[in-house]
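Data first, discussion second: the structure below is written as structure tokens.
The values are calculated or read from the model by the stated rules, or taken from the named source; none is laboratory data. Since we're looking at a predicted model, the values are computed, not measured. As a convention, Cβ positions derive from the backbone with ideal geometry for all residues, glycine included, and neighbour counts pool all protein chains shown. The area values use the complete protein model at the heavy-atom level, side chains included, leaving out ligands, DNA and RNA. Shrake-Rupley method; radii C 1.70, N 1.55, O 1.52, S 1.80 Å.
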Amino acid sequence: MTAAKLTRAQVAWRIAQDIPDGAVVNLGIGAPVMVADYLPADREIVIHSENGILGMGPTPPAGEEDPDLINAGKQPVTLLAGGSYFNHTDSFAMIRGGHLDCCVLGAFQVAQNGDLANWSTGDNARPPGVGGAMDLAVGAKRVLVMTDHCTRDGSPKLLEVCTYPLTGRGVVDRVYTDLAVIDIADGRFVVREMVAGLDADGLEALTGAPLDFADGCGVLSAAIG
Amino acid sequence: MIDKQVHDFDAALAGVGDGATMMVSGFGAAGAPQDLMEAILDRGWRDLVVISNNAGEGERGLAQLIRAGRVRKVVCSFPTSSNAEYVRDAWARGALELEIVPQGTLSERIRAAGAGIGGFYTRTSVGTPLAEGKEQRCFDGVDYVLEPPLRAGFAFVRARLADRWGNLTYNKSARNFGPSMAMAADVTVVQVDRVVGLGEIDPEQVVTPGIFVDRVIEVAAT
């Protein structure tokens with residue numbers, strides 16, 4: 001039996017289920033933005049964008065884009081009723097000041113102590129750039145990571161120690177991959193859910209650090225195709 | 001009488017020259033003072049040092065200045081926007097220096113300069129390469145990095161409305177770095193869509209009070 005690996009959309013759906021009613025969340029550039037598409041309709045969740053928006057809404061219909069209303073990925077968005085605009089300094093006061101309930105970030109590597117590396121592979125042939133990731137990593141009350149379990153060439157991204165330059169030290173609370181939901185607790189990876197078709201040894205073989213398995217470790221699945 | 005409105009780019013850019021340090025508002029193209037950047041391009045100044053979140057984006061404004069080789073250094077958080085190949089090219093050729101600052105630290109360093117703060121401690125970047133060589137201090141068991149204020153000779157800002165006292169309102173997420181940058185330069189020059197009469201901006205809606213603004217130039221939005 002092969003592992004019932006989740007698609008990226010399914011991982012986004014799974015993360016969305018864990019965001020509670022009333023939460024204020026920041027969704028990082030790239031795949032984490034997809035979480036917005038799956039937020040349960042019966043919960044009121046406020047999306048923060050670091051370029052000065054609370055209450056960010058979905059992509060506008062074609063022809064109604066406003067170049068002055070964009071998200072952190074610089075794509076056109078809308079504002080929901082109750083939303084607000086503010087300057088960058090206030091926006092990062094919200095982030096660093098612990099006012100965001102959670103953020104969802106991508107990752108190159110996550111270490112078992114919660115270290116996050118997501119801005120640089122140390123490749124000196126490319127210009128560096130960090131954006132707001134370091135501020136989000138230290139500031140949000142909960143830091144959730146959305147990532148493939150392994151790189152395209154099959155190397156593990158969950159490690160004992162990150163080898164890439166860090167974004168933040170000991171900042172990650174939970175990792176959602178295409179294979180598992182994994183908490184970071186007391187310097188260890190603790191598996192909460194794992195896809196069907198994979199056993200503990202199979203998951204550990206794809207992970208660069210030892211794993212603990214929570215009592216009642218569940219099956220990771222998504223209610224979307 | 002106070003009248004900060006200027007009517008041509010020569011007046012708007014008086015004092016700018018080779019080697020000028022300048023803050024440029026905007027997050028991507030939103031809030032970027034593109035016409036002021038093009039006026040600087042037209043004047044041929046070189047060795048510019050720019051403080052801006054991105055190293056320009058797309059075709060216009062700061063992107064043109066960098067393409068033309070006029071910018072020596074950019075202090076920014078994210079120079080590698082998806083359509084910023086010109087940054088990679090200039091950087092790879094050694095023609096452009098990049099200093100990377102985390103976005104919130106960049107914004108707060110600018111604010112600190114404008115607010116007369118001699119530096120501040122932040123948890124952002126602790127344990128990363130961007131904290132190397134910086135003073136660190138532990139408060140209540142948490143490590144912080146000391147960051148200095150960031151000033152410039154000029155701030156070039158885009159806003160929506162101004163009056164002749166320099167009071168400003170912005171448009172949506174185009175506000176971004178404008179209010180902080182306006183505080184943090186010797187001379188703040190604002191490109192606005194429209195100059196309105198004194199008193200026409202509701203005082204409760206003024207985002208940047210005129211005290212932070214030196215010059216206003218109206219460039220009708222296209």
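So what's the angle, to the nearest 10 degrees on a 0 to 90 scale, between helix B:103-115 and the longest Cα principal axis of chain B?
With both axes taken from Cα atoms, the answer is about 60 degrees.
In chain A, which longest range has no trypsin sites (Lys or Arg not before Pro) that are both DSSP loop (not H, G, I, E or B) and surrounded by at most 13 other Cβ atoms within 10 Å?
For trypsin sites (Lys or Arg not before Pro) (loop position, at most 13 other Cβ atoms within 10 Å), the longest site-free span of chain A is A:44-140.
With a ≥ b ≥ c taken as the square roots of the eigenvalues of the C-alpha gyration tensor of the range B:63-113, please select rounded if a/c is under 1.5 and otherwise prolate if a/b is larger than b/c or oblate if it is not?
prolate
If R0 is 22 Å, what FRET efficiency do you get for B:LYS73 and B:ASP10 from their C-beta distance, rounded to 0.05?
E between B:LYS73 and B:ASP10, to the nearest 0.05, is 0.30.
Which one, B:GLU57, B:GLU204, B:GLU135, has the greatest fluctuation when you compute a Gaussian network model over chain B with C-alpha springs under 10 angstrom?
The residue with the greatest mean-square fluctuation here is B:GLU204.
Within the protein assembly as shown, what percent of beta bridges assigned by DSSP are antiparallel, to the nearest 5?
The answer is about 40 percent antiparallel.
What is the interface area between chains B and A, defined as buried accessible area summed over both chains with a 1.4 Å probe, reported in Å² to the nearest 100? The partial results should precede the final answer.
Values: alone 10510 and 11170 Å², together 18460 Å².
For chain B against chain A, roughly 3200 Å² becomes buried.
Apply the Karplus curve 6.51 cos²θ - 1.76 cosθ + 1.60, θ = phi - 60°, to the phi angles in the range B:117-128 and return the couplings in whole Hz, x for Gly and Pro.
Taking θ as phi minus 60°, the curve returns 9, x, x, 8, 9, 9, 6, 4, 5, 4, x, 10 Hz for the range B:117-128.
Please find the FRET efficiency linking A:GLU65 to B:ARG194, where r is the Cβ-Cβ separation and R0 is fixed at 22 Å, and quote it to the nearest 0.05.
Working from the Cβ atoms, E equals 0.50.
Please identify, among B:ARG43, B:ARG93, B:ARG194, the residue showing maximal mean-square fluctuation in a Gaussian network model of chain B using a 10 angstrom Cα cutoff.
Comparing B:ARG43, B:ARG93, B:ARG194 in a Gaussian network model of chain B, the most mobile one is B:ARG93.
³J(HN,Hα) across the range B:144-150 via Karplus (A = 6.51, B = -1.76, C = 1.60, θ = phi - 60°), whole Hz, x for Gly/Pro?
Working through the residues one at a time gives 10, 10, 7, 10, x, x, 10 Hz.
Considering only Cα-Cα distances, which of the following residue pairs are longer than 27 Å: A:LYS157/B:LYS134; A:LYS74/B:LYS134; A:LYS74/B:LYS73?
Going by Cα-Cα distance, A:LYS157/B:LYS134; A:LYS74/B:LYS134 fall outside the 27 Å limit.
Over the range A:8-219, what is the relative contact order in whole percent, taking alpha-carbon pairs under 8 Å and six or more residues apart?
The normalised contact order for the range A:8-219 reaches 17 percent.
Rolling a 1.4 Å sphere over the protein heavy atoms, what is the accessible area per residue of chain B, to the nearest Å²?
Value returned for chain B: 40 Å² of accessible area per residue.
In whole Hz, with x marking every Gly and Pro, tabulate ³J(HN,Hα) for the range B:180-186 from phi via Karplus 6.51 cos²θ - 1.76 cosθ + 1.60, θ = phi - 60°.
Rounded to whole hertz, the list is 6, 4, 4, 7, 10, 10, 5.
Taking a quarter of the surface of the convex hull around the Cα atoms of the protein assembly as shown, what do you get in nm²?
22.9 nm²
To the nearest 500 deg cm²/dmol, what mean residue ellipticity at 222 nm is calculated for the protein assembly as shown from DSSP H runs of n ≥ 4 alone, each contributing -39,500 (n - 2.57), summed and divided by the residues?
-4500 deg cm²/dmol
Which FRET efficiency value, to the nearest 0.05, do you get for A:ALA81 and B:ILE211 by plugging their Cβ-Cβ distance into 1/(1 + (r/R0)^6) with R0 = 41 Å?
0.75
Choose one answer from B:GLN136, B:GLN191, B:GLN34: the residue with the largest mean-square fluctuation in a GNM of chain B with alpha-carbon springs under 10 Å.
B:GLN136
Label-point separation (nm) for B:ALA221 and B:ASP47, each offset 7 Å from Cα along Cα-to-Cβ?
About 3.9 nm separates the two model spin labels.
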